[in-house]
Amino acid sequence: MITSSESAPDPRRRSEKSRRATLVAALELCAENGYSKVTIEAIAARAGVSKKTIYRWWPTKGAVLLDAVTEQVVSDTTFPDTGDIDVDLCTHIGSLVKVFTAPVAGAAYTGILAELLHDEQLAKAVNEELVIPRVALVYERMRRAQEQGQLPLDIDLPLAVEMLYGPLYYRHALGRPLHEPQRIEELVAYVMRGLRASASS
């Protein structure tokens, strides 16, 4: 026999379905029309939810798209640990390039970067929800490389990470073509060679 509690709809399941539909709709609209033309009204219509539902979870369209991009980055850019830090950095940076050049997530992230220049709350959210956690992941992987003797113990990790990832964000922010796999390998080799040489000297 099915009890009333078993047959009743799960509101959390409905909420998650609506949340996912909202994120997908926001990314699609951004890819189709550009960040500036995306509106909460359009997202709600595409997702089949009410504006009230969207505002319950996100204060602005920038927050919606940041949530969507963050999920995409987290799911598609895991940091491997093969035991070779140089190889793993190439893999990780390459996966970021794929996300940023994808028609959907790439268009959304480009719009977010432009918007945060005059939206203090969005800039804070980008750092807290996306940048800081991902940088911490890179730090942790590089610390393990130090423990394994692949990197000197006295290198400046924050500076090293900026040297490795800075060119990617610089080119993306300026709309320049992102590096091909071979160029990524050259970048990693160049930076790592410098880090090892400066530490040993």
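List of remarks:
- Taking amide H positions as modeled 1.01 Å from N, with prolines and chain starts lacking one, no residue 5 or more places away or on another chain lies under 5 Å from THR77.
- Relative to the dominant Cα principal axis of the chain, helix 61-76 is inclined by about 50°.
- Label point 7 Å beyond Cα of GLN148 along Cβ direction - residues of the stretch 61-86 with amide nitrogen under 19 Å: 77-86
- Entry note, the chain: relative contact order of 20 percent, from Cα contacts under 8 Å with a spacing of 6+ residues.
- Residue-wise HN-Hα coupling along the stretch 32-46, computed from phi with Karplus coefficients 6.51, -1.76, 1.60 (Hz; x: Gly, Pro): 7, 10, x, 4, 5, 8, 6, 10, 4, 4, 5, 4, 4, 5, 5
- The mean sequence separation of alpha-carbon pairs under 8 Å and at least six residues apart, normalised by the residue count of the stretch 100-192, gives a relative contact order of 23 percent.
- Rounded to whole Hz, the Karplus (6.51, -1.76, 1.60) HN-Hα couplings of the stretch 88-99, x for glycine and proline: 5, 5, 4, 5, 5, 5, x, 5, 5, 4, 4, 5
- Only lysine pairs 8 or more places apart or on separate chains count here, and in the chain those with Cα atoms under 26 Å apart total 16.
- Per-residue 3J(HN,Hα) values for the stretch 132-149, derived from phi via the Karplus relation 6.51 cos²θ - 1.76 cosθ + 1.60 with θ = phi - 60°, read 4, x, 6, 5, 4, 5, 5, 4, 4, 5, 6, 5, 5, 5, 5, 4, 8, x Hz in sequence order (x marks Gly and Pro).
- Portion, in percent, of the accessible area of the chain that falls on carbon or sulfur, probe 1.4 Å: 56
- Per-residue accessible area (protein heavy atoms, 1.4 Å probe) orders TYR109, TYR139 as TYR139, TYR109, starting from the largest.
- Applying 1/(1 + (r/R0)^6) with R0 = 22 Å to the Cβ-Cβ distance of GLN182 and SER95 gives a FRET efficiency near 0.90.
- Cα pair count fraction exceeding 16 Å, expressed as % - the stretch 95-135: 41
- Taking GLY111, GLY34, GLY149 as the candidate residues, the one with maximal mean-square fluctuation in a Gaussian network model of the chain, Cα springs under 10 Å, is GLY149.
- On a per residue basis, the stretch 107-201 carries 60 Å² of accessible surface, using protein heavy atoms and a 1.4 Å probe.
- Over the stretch 51-168, relative contact order from alpha-carbon pairs under 8 Å, at least 6 apart, %: 26
- GNM flexibility winner over the chain from LEU159, LEU89, LEU23 (Cα, springs under 10 Å): LEU159
- Overall, the stretch 53-134 carries a charge dipole of about 360 debye about its Cα centre when +1 sits on the Cβ of Lys and Arg and -1 on the Cβ of Asp and Glu, all other atoms neutral.
- Student exercise, the chain dipole from Lys, Arg, Asp, Glu Cβ charges, in Debye to nearest 20: 760
- Dipole orientation for the chain: of the candidates ALA31, VAL87, TYR165, ALA31 has the Cα lying most toward the positive pole (charges on Cβ; Lys, Arg +1; Asp, Glu -1).
- Extent along the principal axes, Cα only, for the chain: 69, 47, 29 Å, with the longest axis given first.
The values are calculated or read from the model by the stated rules, or taken from the named source; none is laboratory data. In this text, all values refer to a predicted model and were calculated from it rather than measured experimentally. Neighbour counts are summed over all protein chains in view; Cβ atoms, including those assigned to glycine, are modelled from backbone coordinates with ideal geometry. For accessibility, only protein heavy atoms count, side chains too; no ligands or nucleic acids. Shrake-Rupley method; radii C 1.70, N 1.55, O 1.52, S 1.80 Å.
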